[in-house]
Amino acid sequence: MIGGFLGAGKTTTIGKLAAHYVATGNNVALVTNDQAYDLVDTHTLRAQGFDVGEVPGACFCCKFDDLVDTITGLATDPDKLPDIVIAEPVGSCTDLVATVAEPMAELFGDRFEVGPMIVLLKPEHGRKILTESSGKGFSPKAEYIFLKQLEEADAIVVNKADKISESGQQLLLNQITTRFPGVPAICASATTETNFDAVIDLTKLPRRQRTAMMDVDYEVYAQGEAELGWLNCQVKAKSSAPTQQFWLDNLVVALVSGIGQLLDDAGCEIAHLKVLGQTLSSAAVANRVASNSETDLSLASEIQTSSADLLVNARVAASPDQLSQIVTSVTNRLAVEQDVSLVIENIQSFRPGKPEPTHRQR
């Protein structure tokens with residue numbers, strides 16, 4: 001499993017790891033996970049040509065049997081039996097060693113060798129939480145999840161190292177070493193592949209030997225996760241006239257930027273906001289991973305089109321109603337500004353319920 005808080009770069013990292021393993025002759029399968037259905041991450045990884053299963057509706061710990069069934073379903077072709085399965089858990093989930101890794105090793109050790117739990121740290125929130133700076137953005141209960149993710153890690157990667165200075169990298173590594181002594185920690189960037197060989201090396205480490213699982217207050221955990229409003233929706237984009245076309249990249253960037261600005265104005269900390277735009281032949285992805293940050297066009301289509309399907313995934317410290325209102329408001333405004341029909345469909349907006357693991361080792 002490759003864990004880490006929302007927006008830590010898990011999908012990009014998993015894609016780069018999968019590409020490495022395929023290039024070295026391995027069959028690779030991927031499993032994504034989220035509280036809701038219809039995930040940008042799943043579409044993004046499938047667009048890269050990978051075999052991807054999806055466990056929606058709750059985290060791996062609560063959907064343990066679904067995780068096993070999904071992996072089994074990816075292994076039906078004897079000629080493409082996966083040598084390696086990389087799983088991406090929900091970004092607001094923790095206690096995965098006790099509820100997923102250990103039960104998997106105990107119950108299915110004859111079928112799977114369970115690798116180390118690698119956790120990615122997002123610099124934007126790592127600086128705010130680990131250095132105890134002011135204006136953290138999240139409540140102490142949401143921060144509790146962030147810190148518990150690091151506590152249970154077999155190894156920690158400060159991802160997106162290309163976006164922080166060497167002194168900033170060292171400050172984060174020092175904070176990690178002080179708080180979590182003995183846990184291997186490195187800086188890397190999946191996007192630029194800086195120090196990515198070291199990330200690959202971490203996947204080969206043995207899992208930490210534990211005499212007991214870490215303590216987790218499930219009441220605090222549940223309250224912290226519930227403070228993050230979750231929204232998924234589909235948007236049908238279509239030119240106002242048959243002869244007109246719009247730039248897909250510009251549209252997904254404008255949608256993320258517009259939603260992000262209203263969330264910033266409302267003082268709602270963004271955990272992750274991403275929009276996927278797709279046509280039959282091309283895709284574009286824009287995202288924002290923290291409040292008061294720039295919108296990143298992480299995948300460019302470089303096309304003009306008369307129609308596209310958009311998928312919006314938002315994870316924000318805001319109420320579901322507020323999220324829905326902001327996304328609807330920005331979508332309606334952009335339709336007028338860009339002279340494009342934007343119709344919202346299949347909107348889901350909610351707060352996650354209390355985690356109830358299928359198994360938990362003590």
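The values are calculated or read from the model by the stated rules, or taken from the named source; none is laboratory data. In this text the structure is predicted, and so the values were computed from the model without any measurement. Cβ placement follows ideal geometry from the backbone for every residue including glycine, while neighbour counts extend to all protein chains displayed.
Observations, loosely collected:
- Single residue of D51, D77, D34 found to be farther than 22 Å from T99 by Cα and crowded, with 17+ Cβ neighbours inside 10 Å: D51
- Residue check for T131: touching a Leu at 6+ places or on another chain (Cβ under 8 Å) and surrounded by fewer than 16 Cβ atoms within 10 Å (Cβ to Cβ): yes
- Checked against (1) closer than 19 Å to F5 by Cβ; (2) modelled with pLDDT of 95 or more, E106 passes all but a single condition, namely (1).
Rundown of residues vs (1) touching a strand residue (DSSP E or B) at 6+ places or on another chain (Cβ under 6 Å); (2) without any contact (Cβ under 8 Å) to a residue 60 or more places away in the chain; (3) outside the structural domain of K160 (by TED's automatic domain parsing), yes/no style:
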residue: R210; (1), (2), (3): no, no, no
residue: Y218; (1), (2), (3): no, no, no
residue: K238; (1), (2), (3): yes, no, yes
residue: Q245; (1), (2), (3): yes, no, yes
residue: S257; (1), (2), (3): no, yes, yes
residue: A266; (1), (2), (3): no, no, yes
residue: L280; (1), (2), (3): no, yes, yes
residue: V285; (1), (2), (3): yes, no, yes
residue: S293; (1), (2), (3): no, no, yes
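- Just so you know, in segment 200-222 the residues that are surrounded by 18 or more Cβ atoms within 10 Å (Cβ to Cβ) and in contact with a helix residue (DSSP H, G or I) (Cβ under 7 Å, 6 or more places away or on another chain) include one that is farthest from D309 (Cα to Cα), and it is V216.
- Scanning segment 20-67 for residues that are at pLDDT 95 or above and either part of a helix (DSSP H, G or I) or not assigned by TED's automatic domain parsing to the domain that holds D95 (or both) yields a count of 8.
- Among the conditions (1) closer than 30 Å to A18 by Cβ; (2) over 18 Å from the mean Cα position of the chain (by Cα); (3) among the hydrophobic types (A, V, I, L, M, F, W, C); (4) part of a helix (DSSP H, G or I), the only one that L171 does not satisfy is (1).
- Only listed residue being touching a Lys or Arg at 6+ places or on another chain (Cβ under 7 Å) and either part of a helix (DSSP H, G or I) or of a type in the set (F, W, Y) (or both), chosen from V330, V256: V256
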